[in-house]
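Undergrad: Structure below; questions to follow.
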Amino acid sequence: MPSRNPSVVIPNDRWIGHLDMDAFFAAVEQLDHPEYRGRPVIVGGLGPRGVVSTASYEARPYGVHSALPMAVARRLCPDGICVAPRFLRYREISDHVRTILRRFSPDIETISLDEAFFDLSERGPSFEVVHQIARTIKRDVQAKTKLTCSVGLAPNRFLAKLGSEMDKPDGFMVIDPDQIHEILDPLPVGQIWGMGKVTAKRLTSLGLLRIKDLRLAPSVLLVRELGSTGRRLQQLAMGIDDTPLSGEVGSKSISRETTYSFDVSDFEEMEDEVRRLAGHVARSLRAEHLVCRVVRIKVRYPNFKTITRQSQLGVGTDSPEVIESLALELLRNRVPLDEVGIRLLGVGLGGICESLARQLSLFPDWL
């Protein structure tokens with residue numbers, strides 16, 4: 001694990017941490033059900049169209065992973081314990097984690113229930129100080145939740161996220177400014193956070209297999225082949241990422257957002273992400289026995305211009321199919337898109353209220 005002498009003062013004025021709960025949904029199920037511990041646990045939709053949300057580390061050697069159809073997961077891991085998600089319970093634990101983060105950082109960005117960025121820049125440039133704070137956060141989270149997490153600490157979001165991914169589970173990895181090329185260069189280009197399969201395949205066809213290849217590639221070639229995305233990717237390959245933390249999502253609505261590490265212009269990737277985000281907000285809605293009458297989509301462009309578009313429903317719904325359909329319609333017909341691409345994509349729900357009589361889903365995945 002990359003490390004350094006804590007007494008050394010690093011000439012860097014920005015420290016970003018990334019905290020990722022290990023196999024979160026499955027770990028919570030193992031925490032609450034001792035009989036599940038040490039066994040392969042698969043959390044996701046149990047119906048005919050269900051997909052895997054999270055697989056425990058015991059299930060992963062069988063080839064089970066998130067977004068895999070549940071029917072396939074059952075075939076790969078016939079002895080696996082398949083359970084429906086309990087989002088209210090996961091949110092309860094997630095709230096504990098955010099409370100701990102707020103004690104140490106004035107600026108956090110919640111990515112999902114199981115991961116968040118936190119900014120320790122105001123703590124000063126001393127490695128000893130920020131290292132100890134990040135260690136304390138990791139320790140306090142484990143003490144409060146009885147679950148493990150992995151933490152990455154680095155000069156920016158991209159490197160912090162990479163650090164937490166490279167040392168899992170129960171890991172702690174620091175990427176210092178003078179270690180960036182040493183760590184990044186040998187990694188495959190597909191390990192850059194947010195890169196889609198289409199872009200990764202195109203880079204491979206250009207002979208750019210490792211991050212070092214991307215870092216040293218002619219900028220003219222990358223811009224010609226990928227436009228502004230090529231320029232952004234090369235910056236990341238150099239370890240450069242000045243993306244600010246976007247803060248926490250307010251509680252008056254339900255929404256999920258993805259901030260890309262580089263500008264995305266492939267429309268199919270955008271549609272896939274809208275489907276994923278729509279599924280998340282729909283599940284959150286149903287978990288709290290609520291309905292919505294407004295579906296929104298949010299897009300932020302490379303110049304940070306942000307737009308929102310929404311559709312109003314005549315009756316409240318919690319149907320994942322309805323929410324996904326409306327969100328896709330907004331993306332396809334009401335959002336201006338061109339080759340410049342986008343840097344953020346979000347799906348949100350408004351007009352939320354409780355309802356004794358709800359619109360049922362045509363395909364109830366959680367049954």
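Undergrad: Work out the FRET efficiency for ARG89 and LYS144 from their Cβ-Cβ distance, taking R0 = 22 Å, and round it to the nearest 0.05.
TA: The value I calculate is 0.90.
Undergrad: Rule-of-thumb check for the stretch 185-237: C-alpha Rg over 2.2 N^0.38 Å?
TA: 0.95
Undergrad: Give me the distance in nm between label points sitting 7 Å out from Cα along the Cα-to-Cβ direction at ARG210 and GLU271, one decimal.
TA: Simple spin-label model gives 3.7 nm for this pair.
Undergrad: Go ahead and collect, in residue order, the members of the stretch 279-304 whose backbone nitrogen is under 15 Å from a label point 7 Å along the Cα-Cβ direction of GLU329.
TA: Backbone N within reach: 293-297.
Undergrad: Which helices pass in the chain if a helix is a full DSSP H run, must span at least 15 angstrom along its long axis by Cα, and must have mean Kyte-Doolittle hydropathy not below 1.6?
TA: Counting only whole DSSP H runs, no helix qualifies.
Undergrad: Sticking with this structure for a sec: What residue among ILE180, VAL130, THR317 has its Cα farthest toward the positive end of the dipole of the chain, where the charges are +1 on Lys, Arg and -1 on Asp, Glu, each on the Cβ?
TA: Positive-end residue among those listed: THR317.
Undergrad: Run the quick spin-label model on GLU35 and ASP79: label points 7 Å from Cα toward the beta carbon, then report their separation in nm to one decimal.
TA: 1.7
Undergrad: While we're here: Highest GNM mean-square fluctuation, the chain, Cα pairs closer than 10 Å: which of ILE297, ILE192, ILE133?
TA: Sorting by GNM fluctuation, first place goes to ILE133.
Undergrad: Taking a quarter of the surface of the convex hull around the Cα atoms of the chain, what do you get in nm²?
TA: 18.9
Undergrad: Sticking with this one: Please enumerate, by chain and number, the lysines with C-alpha under 24 Å from the C-alpha of LYS146, excluding those fewer than 8 residues away in the same chain.
TA: Counting by Cα, and skipping residues close in sequence, LYS146 has these lysines nearby: LYS138, LYS161, LYS168.
Undergrad: Using a Gaussian network model on the chain with a 10 Å cutoff between Cα atoms, which of LEU326, LEU277, LEU206 fluctuates the most?
TA: Of LEU326, LEU277, LEU206, the most mobile in the Gaussian network model is LEU206.
Undergrad: Once every DSSP H run of n ≥ 4 in the chain is given -39500 (n - 2.57) and the sum is divided by its residues, what mean residue ellipticity at 222 nm do you get, rounded to the nearest 500 deg cm²/dmol?
TA: -11500 deg cm²/dmol
Undergrad: Which one of THR259, THR54, THR136 has the biggest mean-square fluctuation once the chain is modelled by GNM with Cα springs under 10 Å?
TA: THR136
Undergrad: How many angstrom separate the Cα center of the stretch 150-220 from the Cα center of the stretch 272-349?
TA: About 29 Å separates the Cα centre of the stretch 150-220 from the one of the stretch 272-349.
Undergrad: Something else now. If I take R0 = 41 Å and measure r between the Cβ atoms of VAL340 and HIS65 in this structure, what FRET efficiency does the formula 1/(1 + (r/R0)^6) give, to the nearest 0.05?
TA: Efficiency, from the Cβ-Cβ distance: 0.80.
Undergrad: For the stretch 254-354, what is the Kirkwood hydrodynamic radius in Å, using each pair of distinct C-alpha atoms?
TA: 13.5 Å is the Kirkwood radius here.
Undergrad: Show me 21-28, 165-172, 269-276 ranked by packing, highest mean number of other Cβ atoms within 10 Å first.
TA: 21-28, 269-276, 165-172
Values in this text are rule-based calculations from the coordinates and carry no lab data. It should be emphasised that the depicted structure is a prediction, and the values quoted were computed from it without experimental measurement. Neighbour counts run over all protein chains shown; Cβ positions are idealised from the backbone, glycine included.
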